[in-house]
Amino acid sequence: MTANVPSMRPPSYKVGEGVNVIPLNGLADLKFPYKKYVVVGAGKTGLDALLYLLERNVSPERISWIVPNDCWYLNRDVFKMEDLWSEMEKQYTAVIQANNIDDLYLKYEELGIMMRIDKNHWPTRMRGATITCKELEKIQTVKNIFRHGRIKEISSDSISFENGTSISTDNESLYVDCSASGCGLGAHTPAVDIFNGKLINLQMFLLPQPCTCSAIIAALELRYVI
């Protein structure tokens, strides 16, 4: 059977003529370096794009990051199977002791369960993206961060945001679009069968459980083939 990886949807913002925009996996196909890189999106895909560039020795000064919403990130270091229950116990205890949801996130941050890029900015999103402490330190070296909400249009000389703000840019930048929903949910996303003849439509049907979904699909495929 053949796995069908959903194609990258066009960005939700307008892209002007001559502007270079690629999805995350387009980074692996680059034939030459760009003078500047602009990562659009602050979810897991955005984190992966930043880490990919930084781990290939792209200077943080050459990277800009468009953060529509600051996010809470799960610290992947605490989810170790040999000590999983004690870590889960901390989470349950924090929930019982918290006065409200904001207090809970602060308690989680103190326990090292949740992390954010900048403690001067309160996150308004949490979609289950994971990151390690070392990865967070790398990402924090990127200082060119723009928090103006969602992009309306990228032209050859500016980035315009939906809130009316605009910033100057140039045609020497490569834009890595990481703004689409990783869950594939929404009014414009039609439901499709996972198994369709000899085709497998990969998708996440338990949220936020990409690994569990992959394992279940693989197990069902094995049974289906046999």
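The values are calculated or read from the model by the stated rules, or taken from the named source; none is laboratory data. Not measured: the values here are computed from a predicted model. With ideal geometry, Cβ positions are generated from the backbone for all residues, glycine too; neighbour counts draw on all protein chains shown.
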Tell me which residues, restricted to segment 76-102, are of a type in the set (D, E, K, R), under 26 Å from the mean Cα position of the chain (by Cα) and over 21 Å from T132 (Cβ atoms).
D102
K152 - would you say it is in the same structural domain as K31 (by TED's automatic domain parsing), modelled with pLDDT of 95 or more and in contact with a Ser or Thr (Cβ under 7 Å, 6 or more places away or on another chain)?
yes
Failed condition for S64, given (1) of a type in the set (S, T, N, Q); (2) in contact with a helix residue (DSSP H, G or I) (Cβ under 9 Å, 6 or more places away or on another chain); (3) under 30 Å from Y37 (Cα atoms):
(2)
Kindly indicate whether any position in segment 119-139 is part of a loop (DSSP other than H, G, I, E, B), on the phi > 0 side of the Ramachandran plot and over 18 Å from the mean Cα position of the chain (by Cα).
no
Quick count over segment 197-209, residues being free of Cβ contacts under 8 Å to residues at least 12 places away in the same chain and either touching a strand residue (DSSP E or B) at 6+ places or on another chain (Cβ under 6 Å) or not aromatic (F, W, Y) (or both), is 3
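Sort out for me the strands (runs of 3 or more DSSP E) sitting completely within segment 1-65 that have 1 or more residues that are modelled with pLDDT under 95 and closer than 29 Å to E137 by Cβ. Steps first, please.
Working: elements: 2-4, 20-23, 36-40.
The strands (runs of 3 or more DSSP E) meeting that bar are 20-23.
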If we ask which residues in segment 66-103 are at pLDDT 90 or above and in a loop (DSSP other than H, G, I, E, B), their number turns out to be 8
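Pull up segment 140-169, narrow it to residues that are β-branched (V, I, T) and surrounded by 15 or more Cβ atoms within 10 Å (Cβ to Cβ), then point me to the one that is farthest from the chain's Cα centre (by Cα).
If we filter segment 140-169 for residues that are β-branched (V, I, T), which is where we start, we get 141-142, 145, 151, 154, 159, 165, 167, 169.
From what's left, surrounded by 15 or more Cβ atoms within 10 Å (Cβ to Cβ): 142, 145, 151, 154, 159, 169.
Values: V142: 16, I145: 15, I151: 16, I154: 20, I159: 20, T169: 23 Å.
Selected residue: T169.
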